[in-house]
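Participant: The structure's right below; bear with me while I get my questions together.
The values are calculated or read from the model by the stated rules, or taken from the named source; none is laboratory data. Since we're looking at a predicted model, the values are computed, not measured. Cβ sites come from the backbone with ideal geometry, for glycine too, and all protein chains shown count toward neighbours. Quick note on the areas: whole protein, heavy atoms, side chains included, nothing else; ligands and nucleic acids left out. Shrake-Rupley method; radii C 1.70, N 1.55, O 1.52, S 1.80 Å.
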Amino acid sequence: MALAAAVLVWSDVSLAGDPAALARVDVQRFGGTVESVRASGPDGQQIPLVVRDGQLTPRTLVTPGEKVSVDAVVRRPGWLGWALGDERHEHWTVHAPVAGVSERWLTLRPGSPVRVRFDAPVSAAAYGTPGHLRRVRLGSAESWVAFPRRSATGTVEVAAAARAWERLGEPVPVSWFPSSELPVAVVQPSPSAPLGPATPIRLTFSEPVGDVLGSARPAVSPRTRGRWSEIDDHTIVFTPAGFGARFDSQLRLDLGRRVAVATASGRGLQTVRSIKWTVPAGSVLRLQQLLAQAGYLPLGWTPAGKAVARTPRAELQAAVDPPRGHFAWRFPNTPPELRGLWREGNYDQVTRGAVMMFQDRHRLTVDAIPGARVWRALLADAIAGKRRGGGYSYVYVHSSVPQSLTLWHNGRTILTSPGNTGVPAAPTKLGTFPVFEHIPVGTMSGTNPDGSHYHDPGIRWISYFNGGEALHAFNRASFGTPQSLGCVELPLASAARVWPYTPIGTLVTIE
């Protein structure tokens, strides 16, 4: 019985770890010989093996940490097979080894390379930016790998494999910092650089965030909707929400304590308590594109490629980096005078009038300035797909005798009427101006050329376009010659027809 027990013990078959292979099959003295070994991955796909001296080495690349099922068939010696059977079947589960980065935040002396240590020797490694890793030649398994560095601070993606027959593992970011008496922070985007309204702000500290800032988070000013998130114990990110930071503003982070701040390129350290960026103004070209799409311009706009997604983030990005596309006049027979006013990418009078019309329709201050509130309302309309109805009007006043006014709307002439402009002592200013006040009846007062004052109540159908100059009805014996004090006077019937077509923002050209 003792002999039988000894034989059973000495006929055992087991799977053990191996410093080079996936695993090793150990067969005791009376165990017999390994007849076959099969391996498969978690999806059941077979993994071809090389079996040599009990070592099981995959012939195809295996992912670090991958679960591998191993099935072995062992043929027993003939004298033992009659009692226990000719073959023995064994099943084991093993995992491909994993080598991890020991420390992801490094403090380096000037001139020293980035030396990354691993918690186990690695046989393959690579470094670089996400999606662009460069392999490092290793003569043998190493516990650390040195990478060159080109700046005092930075971050590099590092991937490694414990065995030569493994794929590289998931890349891990490794950051390095110069030595300093204060905690060092790498800031992205770089301080003082242009910052998109929706661009996240990333702070990576040389020490754990809790040690540097405690439980507080930097204050953002001007106040901006968004949230702070902790990516890891050294990194926090502020992600703007909604329409993010205001256009044409300076954004500031108050850290609450002194830190040494470095840019992502590592150009020196500065001791600061706050960090500032410049949020650029919205692009005039994108302003024109949005106004065209919303029906406020006499032109339409079509993108050259895929349309901008109707999301705040996509629209904000397009506002500072306009997509390519082309403008086209919406209506036939557009007056050449109106065509001549258009300047793509410039804040011309056509764009100015469209902004004023947009401000009036959205109950904003009509000042022709496309500020933060205008941009937010315009982007909100773009996301919602809102479009203005009512068409587009244009007024042209011919100041040569006989003087006349022509009203154009949506590709056709609505009317041409005689009118009066200013006398030589109070001429109507030449140029193109957008209507800024639109009232059905009002009182007009001022000073006559001789110094006397006038006060005329009950003036009908008034559209102010330049200071005290306006289109309006006036009772005159005749029309077609200079008779006013700067306004464009019209017969009552003509003024009544013109007024509905001249809301705030309508362009009036005096020529």
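Participant: Considering the stretch 29-70 alone, what residues qualify as being surrounded by fewer than 13 Cβ atoms within 10 Å (Cβ to Cβ), over 53 Å from the mean Cα position of the chain (by Cα) and assigned to a loop (DSSP other than H, G, I, E, B)?
Facilitator: 29, 53
Participant: Also: Out of the stretch 179-209, which residues are more than 17 Å from residue 269 (Cβ to Cβ), open to solvent by 10 Å² or more (accessible area, probe 1.4 Å) and not hydrophobic (A, V, I, L, M, F, W, C)?
Facilitator: 189, 194, 196, 199, 200, 202, 208
Participant: Go through the stretch 229-242 residue by residue and tally those that are loosely packed, with under 15 Cβ neighbours inside 10 Å and either touching a Lys or Arg at 6+ places or on another chain (Cβ under 7 Å) or aliphatic (A, V, I, L, M) (or both). Don't jump to the end; show me each part of the working.
Facilitator: Of the stretch 229-242, the ones loosely packed, with under 15 Cβ neighbours inside 10 Å are 229-233, 241.
Subset that is either touching a Lys or Arg at 6+ places or on another chain (Cβ under 7 Å) or aliphatic (A, V, I, L, M) (or both): 231, 241.
Looking only at that region, the number is 2.
Participant: To continue, here is another question. What's the number of the only condition in (1) within 23 Å of the chain's Cα centre (by Cα); (2) more than 19 Å from residue 242 (Cα to Cα); (3) not small (Gly, Ala, Ser) that residue 308 fails to meet?
Facilitator: Condition (2) is where residue 308 drops out.
Participant: How many residues are over 16 Å from residue 114 (Cα atoms) and open to solvent by 70 Å² or more (accessible area, probe 1.4 Å) if we restrict to the stretch 138-166?
Facilitator: Selection size over the stretch 138-166: 2.
Participant: Something else: For residues in the stretch 108-129 being at pLDDT 90 or above and open to solvent by 70 Å² or more (accessible area, probe 1.4 Å), which is farthest from the chain's Cα centre (by Cα)?
Facilitator: 119
Participant: Any residue that is under 30 Å from residue 290 (Cα atoms) and open to solvent by less than 60 Å² (accessible area, probe 1.4 Å) - is there at least one of those in the stretch 440-461?
Facilitator: no
Participant: List the number of the failed condition for residue 481; all other conditions in (1) crowded, with 17+ Cβ neighbours inside 10 Å; (2) in a loop (DSSP other than H, G, I, E, B) hold.
Facilitator: Failed condition: (1).
Participant: Right, another one. Please determine, by comparing only the residues of the stretch 267-294 that are in contact with a helix residue (DSSP H, G or I) (Cβ under 9 Å, 6 or more places away or on another chain) and open to solvent by 50 Å² or more (accessible area, probe 1.4 Å), which one is modelled with the highest pLDDT.
Facilitator: 293
Participant: Does residue 180 meet the test of being of a type in the set (Gly, Ala, Ser), part of a loop (DSSP other than H, G, I, E, B), farther than 30 Å from residue 320 by Cα and modelled with pLDDT under 90?
Facilitator: yes
Participant: So, residue 385, is that one out of contact with any Leu (no Cβ under 7 Å at 6 or more places or on another chain), closer than 17 Å to residue 503 by Cα and open to solvent by 30 Å² or more (accessible area, probe 1.4 Å) or not? Break it down stepwise before answering.
Facilitator: On the way: out of contact with any Leu (no Cβ under 7 Å at 6 or more places or on another chain): yes; closer than 17 Å to residue 503 by Cα: no; open to solvent by 30 Å² or more (accessible area, probe 1.4 Å): yes.
So residue 385 does not fit the description; no.
Participant: Which of the following residues is surrounded by 14 or more Cβ atoms within 10 Å (Cβ to Cβ), closer than 22 Å to residue 244 by Cβ, at pLDDT 90 or above and not basic (Lys, Arg): 172, 212, 220?
Facilitator: Every option except 220 fails the conditions.
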